[in-house]
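The values are calculated or read from the model by the stated rules, or taken from the named source; none is laboratory data. Remember, predicted model here, so these are calculated numbers, not experimental data. Here the Cβ is made from the backbone with ideal geometry for all residues, glycine too, and neighbour counts use every protein chain on show.
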Ligand code: SF4
C-alpha cells in the first residue's frame, strides 16, 4: 500500500461529485476527473483523483463540509501479473519485451513506446499485442460486451467536414428529420429488447434546439428510464449544461485527430481549440465523456495516433471509439485511401493498454471494411458494440462513409459469440439466440 501515489474519491451522484470537486479545487487541492476504476463502481461514472499528499487535507475539507461520500480509496496501479511468463514461448524483439514488462508492472508508457507498439508488424508480435490488450480488457472490464444502440435522427448538417457523406452541400438520396414520435417509436423498440442506453445522433442541425432536445430527453426518461447519449456536435457551454440538466447522461464528441494541422485540413469549418474546449466543458459538467479518432487520415502518422491516445488518457475520456477512415462518395476525400484494419486494431489494443479503465467499442466503421472486424476488435481490447437502430427508411440516408455496415442485434450477438464473449444479461433475447 505504501507505493500508492494517488487516491480517488467516490461520490454518491454526479452532482455530488461536481460539488466536491469544485470545493476541493477552491481550497487548493489539485483534482482530476477520471472514469471510476472498475473495482469501485461503473466505469461509466466519474471519480475524483487526488495525490497522496492531498489526501488528509481533502478528508478534513469533506468532514468539515459534511459531505457523506462513498469513500476515499487507493488508486491502484493496474498490473498484469505473470504476463512475461505467459508470453515466454513467443519470439518478440527486445524493445517490445521491455514495453511488455512495463505493462506487467503497471508503469506508464511514454509516447515513444506507444508509437513503437503502433508500428509493430508481423504476425507473431501482433498476436502478442492483441493478446496482452485482451487480457487487460478481461481483468478490468470482464467478458460481458456492452451493447448500445444509435438512432440517427437527422442527416441535416451545417458543416462540411471533408470526409463526411452527409456534409452540407453533399448529395444524399434524401435529407430527413425524424419527428419526436418517430424517435420515440424507435426508442421503445430498443427498450423492448432490453437495451439500456440509446445514442441520439445527428448532424449539426440547428432545427433541434435545446428546447426540442430537452422535450425529447424528458420523454425518453419518463417513458423508459433509459440512459441517453447525445451526439449532436459542438454546442455552447450553456446548451451542454441545459441538456445535462434535462437528463442526458453521456455525450459523444469525437476529436477525430489531435494533430492540429490534420484537424484543420479535414474540418474546414471547425477550430481545434474549440473542439477541445467543448470536450473540457462536457467533462466539467459531469457527462460521461465519449470521444474517438479516425485511423488512416491523410498525413496521419503513428506518432499522431500515439498523441490521440495520450489525449484520451489525459482528458479522462470514458468511452473511446476508434474507427478507420473510409472515403465517402461525393466528398472532397472520396479518392483518398481508406484506413487499414490492422492499424485500427493496433490502435484499439494500445488504447486499452494505456487508458485501461475505459469502454472501447468495436466500431461500425471497422465492420464496414472487414466483415469479421468487430470480432477482431473484441479480441484486441474492445468491450462494447453499437447497433444502428435508425428506422430502415432513413438509414440509407445516413451514410457518413460509403458502404456503412448496418449492425443489428443479430449481427452484434454473432460477433459477441464469435469472439467467445458474454452477452449482457439485460438483453431480452430468445433462448435459442443465447
Ligand atoms: S462529421 Fe458531423 S459535423 Fe462534420 S459534416 Fe458530418 S455530420 Fe456534420
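Data overview
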{"quantity": "Count of segment 168-184 residues which are within 10 Å of the ligand (Cβ to nearest atom) and surrounded by 13 or more Cβ atoms within 10 Å (Cβ to Cβ)", "calculated": "2"}
{"quantity": "Selected residue [under 30 Å from residue 296 (Cβ atoms) and either modelled with pLDDT under 95 or away from the ligand (no atom under 15 Å from the Cβ) (or both)] from 155, 250", "calculated": "250"}
{"quantity": "For residue 420: the one exception among (1) outside any loop (DSSP other than H, G, I, E, B); (2) away from the ligand (no atom under 16 Å from the Cβ); (3) touching a helix residue (DSSP H, G or I) at 6+ places or on another chain (Cβ under 9 Å)", "calculated": "(1)"}
{"quantity": "Criterion violated by residue 382 - all others in (1) surrounded by fewer than 23 Cβ atoms within 10 Å (Cβ to Cβ); (2) within 20 Å of the chain's Cα centre (by Cα); (3) at pLDDT 95 or above; (4) part of a loop (DSSP other than H, G, I, E, B) satisfied", "calculated": "(1)"}
{"quantity": "Only one of 288, 199, 274 that is surrounded by fewer than 17 Cβ atoms within 10 Å (Cβ to Cβ) and assigned by TED's automatic domain parsing to the domain that holds residue 400", "calculated": "274"}
{"quantity": "Only one of 241, 189 that is farther than 21 Å from residue 428 by Cα and either at pLDDT below 95 or more than 12 Å from the ligand (Cβ to nearest atom) (or both)", "calculated": "241"}
{"quantity": "Boolean, residue 23 is in contact with a helix residue (DSSP H, G or I) (Cβ under 6 Å, 6 or more places away or on another chain) and at pLDDT 95 or above", "calculated": "no"}
{"quantity": "Top-ranked residue in segment 158-167 [being buried (at least 22 other Cβ atoms within 10 Å of the Cβ) and within 6 Å of the ligand (Cβ to nearest atom); ranked as nearest to residue 404 (Cα to Cα)]", "calculated": "166"}
{"quantity": "Helices (runs of 4 or more DSSP H) within segment 261-370 that include 3 or more residues without any contact (Cβ under 8 Å) to a residue 12 or more places away in the chain and either within 15 Å of the chain's Cα centre (by Cα) or within 16 Å of the ligand (Cβ to nearest atom) (or both)", "calculated": "none"}
